[in-house]
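Colleague: Let me begin by handing over the structure; questions about it come next.
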Amino acid sequence: MATKKYVYAFSEGKAEMKGLLGGKGANLAEMTNIGLPVPPGFTISTEACKEFYNAGRKFPEGLEQEIEAKVAWLEQTLNKKFNDLSGPLLVSVRSGAVVSMPGMMDTVLNLGLNDQTVTALADSSGNARWAYDCYRRFIQMFGNVVLDLEHHKFEAVLEDQKHKRNVEFDNQLTSEDWQEVIEKYKYIVRKETGSDFPQDPKEQLYKAIYAVFDSWENDRAIVYRKVHRISDDLGTAVNVQAMVFGNMGDDCGTGVAFTRNPSTGEKLLYGEYLTNAQGEDVVAGIRTPQPIAKLAEEMPDVYQQFAQTCTLLENHYKDMQDIEFTIERNKLWMLQTRNGKRTAQAAIRIAVEMVSEGVLTKETAINRVDPNQLNQLLHRRIDPTAKLEVVAKGLPASPGSASGEVCFDADLAEKLHEQGHKVILVGTETTPDDIHGMVAAQGILTSRGGMTSHAAVVARGMGKPCVCGCEAIRIDHENKQFMVGKIKVKDGDIVSIDGSTGEVILGEVPMIEPELSNEFQLLLQWADELRTMGVRANADTPEDAAKAREFGAEGIGLTRTEHMFMALDRLPIVQEMILANDIEERAEALAKLLPMQEEDFYGILKAMDGLPVCIRLLDPPLHEFLPNAEELAVEINTLKLTNGDPAKLSYNEELMRKVRSLSEFNPMLGHRGCRLGVTWPEVYAMQARAIFQATARLVQEGYKIETEVEIPLVIEVKELAYLRQLVIDIADQVKQETGVDFHYTVGTMIEIPRACLLADEIATEAEFFSFGTNDLTQTTLGFSRDDAEGKFMQPYIEKKILAENPFIVLDRKGVGKLMQWTVDNARRVKPDLLIGICGEHGGEPSSVEFCHMIGLNYVSCSPYRVPIARLAAAQAAVNNKDQSK
Ligand code: PEP
Ligand code: MG
């Protein structure tokens, strides 16, 4: 049997091999093959990583021989050798997952250095300071990543040395200083591990590769994957690449750049670099770097070559690139390129501009924006008219605004978040170990680091506001406070940050509702041209309806009428209706409710003039409108003990009897939905009358009204037939009374499996179906959402029993199967039956795609998610051309 191939020279790969070579490896290969200056190297595949785990953390057979062969090839290519004193081979070892996980995985640079090769390097370069600096960095990184020694142990030695020499920066230390530091580092290694720092480059290499494989399962990588929904099974590739050095002097440097601004999308080379520095220095945010434009002054030739390379890469990939480079003695080397992470605002602008530049088609452009990311733009921002106490300004690293309690510790941030507090995580910089705190925080504020620092990259990925490099704030970790000028801000004090301007503001600030930019509108217009499925909104008030329209809703897919019953002026009348002793008393209460409901429906129908509005008759159990039994018992007791108002006491006692009689063992499966309509038809009759009287008035006033009356929770065609007739009778009466003819339809929610199974029968009595996937998920899975999410959903997801929370992402396999069955069978008897969805899944992109695939006519979601649904529906249409019906 032919042995598997696990190792690929960069020249053997290409961009399309991302699954096998990881993002970094595949792009290094692509850059090599298009002739860019890439230091040579090879990639160990993700397949090798997977087999490493399958075999219980052991290298698969044949891997070592392949690595040996590739190292020999590298030695020959570069005319350098591991351990060779005349020209030692030095390499970097870096992880490279299929989906980029910035800062999550580990990197080792300068591998191949030891007590001998470092002196050889010092001699041959004539730069001993540099050579020893490289060696100490190597020991530090290897110590941390491979030997699992805590970073701060090494940092403490470094700080001591700087203190001893009375210098501020690392680059002020001399060769002798580094040699002293190295001895202390080696001592730490010996003391902590019981062994000397490994001197054999091959041993160093194998240990480093092992550690990169191992880092796939470290805590921060696991958390990152969870947050970004990256599969745990992908594994990481390992890239072994010849070193180039940005820290050999002032004609050297290293940096990262985006071909367009990742925050705003502006077409302008955007990035940062540091002279005389090595890779990690920029990203780690240790020194605040220079903007890339400065390179044009400092090294004009290199800058020009770099700018041309950036253009070439962007054109090649047809997407904004995030590029890492190093300059070694005025020579440019490309170390990485990948599609750059960007804010939603930038994603939209880049997609739209690339269409006008002729680079992308509209189909490709709409796929370049993640619908979930649009949330960032549909959120609130600081009211521009508000008077703000701006105390500092940092870099606008990730847009959006947030207010919260200052918190300096990631663990505490997580704890406070769990207790319902809103926090702003504040730190000098963040590291991958802070990821859980970043997830919990409303926003992130750092005093150091640039736009490509860890905090900035991760916050943008999460869509969280972030201000970084805010050097005006001086953090005092010991006393849990920061100073900004003379102002002291303590742990727990409220601050606000504006990630679009970089402003740091004292106290809580007023926020305003979002508006759609012109580019956003244009992208959505293209989405509307491409999608085949309608998008409606769930709205219960004229204000929500107007917002929905503004965001592009093509109708209302669900108006829940119970919210109207809950309004303070209605509740006493609703209670009166429930407490009624006989039908006359109830009729009196209903008569009071009728005009109120009529006004409710009038407002919504008018706001949606010309578009369909689906109004659902009362759904929740009646006890929801009555006081809580325990509270009522306390009130009754107090009245008794204090000899309170006898009339009030007797009313409360009557109320209590009713509360008891209506109380249910399981209200979700109790006396609700159309069962209320069957037992108390006069309630549905009142609602139908209110709907039709409002409709008749509006038609008379010249509006174009499309009313849909919806019966919830149906299980049986006879049930629907009975209630539908009731609605039709009322419509006929209103038509007669008003002399106005109007059009309306009657349909049902599909939210119980039996209704799905009998869809063909039920369809005969319905003019439309609307999937209530909130209830359909509960009834199909057999658990209530509140209990599931409060008690056992998390372990189900952690143990991978369920891939996703089915209340958020539609369970295609189970609930989806019922939906498919429903659509197919209902359309067999009524090919043109209008079918939509109004459960919360209607605004979730993966669920929207599924709805498209099974041929629904529309999705309906909350007004703020309408733009997300419009884009998701367009992507579904473009990406499922063959399946669409
Ligand atoms: C549903 O069940 O999906 C639905 C939309 O109804 P509600 O959430 O009001 O029960
Ligand atoms: Mg429901």
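The values are calculated or read from the model by the stated rules, or taken from the named source; none is laboratory data. None of the values given here were measured: they were computed from a predicted structure. Methodologically, a virtual Cβ is constructed for each residue, glycine included, from the backbone with ideal geometry; neighbour enumeration extends over all protein chains shown. Quick note on the areas: whole protein, heavy atoms, side chains included, nothing else; ligands and nucleic acids left out. Shrake-Rupley method; radii C 1.70, N 1.55, O 1.52, S 1.80 Å.
Colleague: Can you tell me which residue among L558, L611 is under 21 Å from P863 (Cβ atoms) and within 16 Å of ligand 1 (Cβ to nearest atom)? Talk me through it step by step, then tell me what you get.
Modeller: On the way: L611 fails: within 16 Å of ligand 1 (Cβ to nearest atom).
After ruling out the rest, the residue left standing is L558.
Colleague: Taking S860 as the residue in question, decide whether it is polar (S, T, N, Q) and open to solvent by less than 10 Å² (accessible area, probe 1.4 Å).
Modeller: So S860 fits the description; yes.
Colleague: Out of segment 157-209, which residues are modelled with pLDDT of 95 or more and either open to solvent by 90 Å² or more (accessible area, probe 1.4 Å) or among the basic types (K, R) (or both)?
Modeller: Of everything in segment 157-209, those that are modelled with pLDDT of 95 or more and either open to solvent by 90 Å² or more (accessible area, probe 1.4 Å) or among the basic types (K, R) (or both) turn out to be E176, E183, K184, K186, Y187, R190, K191, D196, K202, K207.
Colleague: Between a first residue in segment 600-627 that is hydroxyl-bearing (S, T, Y) and a second residue that is more than 16 Å from ligand 1 (Cβ to nearest atom), which pairs have beta carbons less than 6 Å apart while being 6 or more apart in sequence or on different chains?
Modeller: Correct list of pairs: Y602/A694.
Colleague: Return the residues of segment 700-728 that are at positive phi and open to solvent by 10 Å² or more (accessible area, probe 1.4 Å); say none if nothing qualifies.
Modeller: Correct list: G702 only.
Colleague: Pairs needed: first member in segment 686-699, open to solvent by 10 Å² or more (accessible area, probe 1.4 Å); second member anywhere, of a type outside the set (A, V, I, L, M); C-beta distance under 6 Å; at least 6 residues apart or different chains.
Modeller: From segment 686-699, the pairs are Q693/E598; V699/F742.
Colleague: Given the options E664, E654, name the one that is of a type in the set (D, E, K, R), within 16 Å of ligand 1 (Cβ to nearest atom) and open to solvent by 50 Å² or more (accessible area, probe 1.4 Å). Show your work before the answer.
Modeller: Numbers: E654 fails: within 16 Å of ligand 1 (Cβ to nearest atom).
Just a single option satisfies the conditions, and that option is E664.
Colleague: Okay, next question. For segment 729-756, which residues satisfy the criterion of being crowded, with 18+ Cβ neighbours inside 10 Å and away from ligand 1 (no atom under 16 Å from the Cβ)?
Modeller: Within segment 729-756, I730, A731, V734, F742, Y744, V746 meet the criteria.
Colleague: Determine which single condition A346 fails, assuming it passes every other condition in (1) open to solvent by less than 20 Å² (accessible area, probe 1.4 Å); (2) of a type outside the set (D, E, K, R); (3) outside any strand (DSSP E or B); (4) modelled with pLDDT of 95 or more.
Modeller: (4)
Colleague: OK, next. Looking only at segment 410-464, count how many residues are outside any helix (DSSP H, G or I) and either within 15 Å of the chain's Cα centre (by Cα) or over 21 Å from A257 (Cβ atoms) (or both).
Modeller: Adding up the residues that qualify gives 20.
Colleague: Tally time: how many residues in segment 29-60 are assigned to a helix (DSSP H, G or I), in contact (Cβ under 8 Å) with a residue 24 or more places away in the chain and in contact with a Ser or Thr (Cβ under 7 Å, 6 or more places away or on another chain)?
Modeller: Count: 3.
Colleague: Test of understanding: among F807, F768, which residue is in the same structural domain as R616 (by TED's automatic domain parsing) and within 13 Å of ligand 1 (Cβ to nearest atom)?
Modeller: Sole residue among the options that is in the same structural domain as R616 (by TED's automatic domain parsing) and within 13 Å of ligand 1 (Cβ to nearest atom): F807.
Colleague: Right, something else. Check Q419 against each of (1) surrounded by fewer than 21 Cβ atoms within 10 Å (Cβ to Cβ); (2) touching a residue at least 60 places away in the same chain (Cβ under 8 Å) and name the one condition it does not meet.
Modeller: Looking at each condition in turn, Q419 falls short on (2).
Colleague: Looking at (1) within 24 Å of L374 (Cα to Cα); (2) buried (at least 21 other Cβ atoms within 10 Å of the Cβ); (3) touching a strand residue (DSSP E or B) at 6+ places or on another chain (Cβ under 7 Å), can you tell me which one R531 breaks?
Modeller: Every listed condition holds for R531 apart from (3).
Colleague: Moving to a separate point now. Of everything in segment 282-341, what is under 23 Å from N239 (Cβ atoms), assigned to a strand (DSSP E or B) and over 29 Å from the mean Cα position of the chain (by Cα)? Give them in sequence order.
Modeller: Once the filter is applied, which keeps residues that are under 23 Å from N239 (Cβ atoms), assigned to a strand (DSSP E or B) and over 29 Å from the mean Cα position of the chain (by Cα), segment 282-341 yields T326, I327, E328, K331, L332, W333, M334.
Colleague: Can you pull out every residue in segment 561-575 that is more than 16 Å from ligand 1 (Cβ to nearest atom) and free of Cβ contacts under 8 Å to residues at least 40 places away in the same chain?
Modeller: Selection gives A567, L568, D569, R570, P572, I573.
Colleague: Considering only segment 402-411, I want to know if a residue exists there that is open to solvent by 10 Å² or more (accessible area, probe 1.4 Å), out of contact with any strand residue (DSSP E or B) (no Cβ under 9 Å at 6 or more places or on another chain) and without any contact (Cβ under 8 Å) to a residue 40 or more places away in the chain.
Modeller: Yes.
Colleague: Also, I was wondering about something else. Checking T541 against (1) of a type in the set (S, T, Y); (2) open to solvent by less than 60 Å² (accessible area, probe 1.4 Å); (3) over 30 Å from L622 (Cα atoms), only one condition comes out false. Which one?
Modeller: (3)
Colleague: Ok, one more. Within segment 285-295, identify whether any single residue is crowded, with 24+ Cβ neighbours inside 10 Å and more than 22 Å from M141 (Cβ to Cβ), and answer yes or no.
Modeller: Yes, because at least one residue in segment 285-295 is crowded, with 24+ Cβ neighbours inside 10 Å and more than 22 Å from M141 (Cβ to Cβ).
Colleague: Evaluate segment 767-776: report whether one residue or more is away from ligand 2 (no atom under 16 Å from the Cβ) and at negative phi.
Modeller: yes
Colleague: Among the residues of segment 786-811, write down those that are assigned to a loop (DSSP other than H, G, I, E, B) and open to solvent by 50 Å² or more (accessible area, probe 1.4 Å).
Modeller: Going residue by residue through segment 786-811, those that are assigned to a loop (DSSP other than H, G, I, E, B) are 799-811.
If the condition is that a residue be assigned to a loop (DSSP other than H, G, I, E, B) and open to solvent by 50 Å² or more (accessible area, probe 1.4 Å), then K799, K800, I801, A803, E804, I808 are the ones that fit.
Colleague: A further question follows. Of everything in segment 718-734, what is within 17 Å of L594 (Cβ to Cβ), touching a residue at least 12 places away in the same chain (Cβ under 8 Å) and not β-branched (V, I, T)? Give them in sequence order.
Modeller: L726, A731, Q733
Colleague: Just the residues that are within 16 Å of ligand 2 (Cβ to nearest atom) and either open to solvent by 10 Å² or more (accessible area, probe 1.4 Å) or not in a helix (DSSP H, G or I) (or both), please, taken from segment 812-834.
Modeller: The answer is L818, and nothing else.
Colleague: Run F783 past the list (1) assigned to a helix (DSSP H, G or I); (2) more than 28 Å from R827 (Cα to Cα); (3) within 16 Å of ligand 2 (Cβ to nearest atom) and report the number of the one that doesn't hold.
Modeller: Going through (1) assigned to a helix (DSSP H, G or I); (2) more than 28 Å from R827 (Cα to Cα); (3) within 16 Å of ligand 2 (Cβ to nearest atom) one by one, F783 breaks only (1).
Colleague: Let me ask something additional. Residues being over 23 Å from the mean Cα position of the chain (by Cα), of a type in the set (A, V, I, L, M) and outside any helix (DSSP H, G or I): count how many of those fall in segment 518-556.
Modeller: Residues that pass the stated criteria total 4.
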